[in-house]
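Data block below; observations after.
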Amino acid sequence: MRFLRAAAVAFVVSAAGVTLSEAAETVTGRWALDLSFCSRLFGPAAEQPLIVTESSLRWSSDACRIERSYKTGDTVHIQAMCWGDAGEKSIPVSLRPHAGRLQVTWDRGARGDLRRCP
């Protein structure tokens, strides 16, 4: 019985880390403040869609490689290496899907609720 408990605890601990692919069904895709912004590639930063793949993020002038990710509750936390107007830097990103929207925190600043693009 102790062996089963130890095995169960070891499994839970090893499963605590999450890859984006495990959380992908809820956050991957294209997201925008307004559905009319979904197909935009250029324009004002507020009108740029957020593009989330299993290994990268793209938003406004930032193109990012996902270095680490984990999930707590419904929120996916990402550490991303980004290149853009501000140069190269590592930033934290949090994505929380709720009620058909995606709440985004980008580099510690709340960026609003986005809607999933069709």
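Nothing in this text is a laboratory measurement; each read-out follows from the coordinates by a stated rule. On a predicted model such as this, the values are computed, not experimentally measured, just so you know. In this analysis, Cβ positions are derived from the backbone assuming ideal geometry, glycine residues included, and neighbour counts consider all displayed protein chains.
Work out, step by step, the length gained on full extension between residue 113 and residue 88: first 0.36 nm times the residue separation, then minus their alpha carbon distance; give nm to one decimal.
Details: separation 25, 0.36 × 25 = 9.00 nm, distance 2.57 nm.
Difference between extended and current length: 6.4 nm.
Put a dot 7 Å past each Cα toward the Cβ at residue 79 and residue 40; how far apart are the dots in nm?
Roughly 3.2 nm, to one decimal.
Shape verdict for the range 37-118, please, from the Cα gyration tensor: rounded (a/c under 1.5), prolate (a/b greater than b/c) or oblate.
Oblate, since a/c reaches 1.5 and b/c is not below a/b.
Note down the nm distance, to one decimal, between modelled labels 7 Å out along Cα→Cβ at residue 54 and at residue 26.
According to this spin-label approximation, the distance is 1.9 nm.
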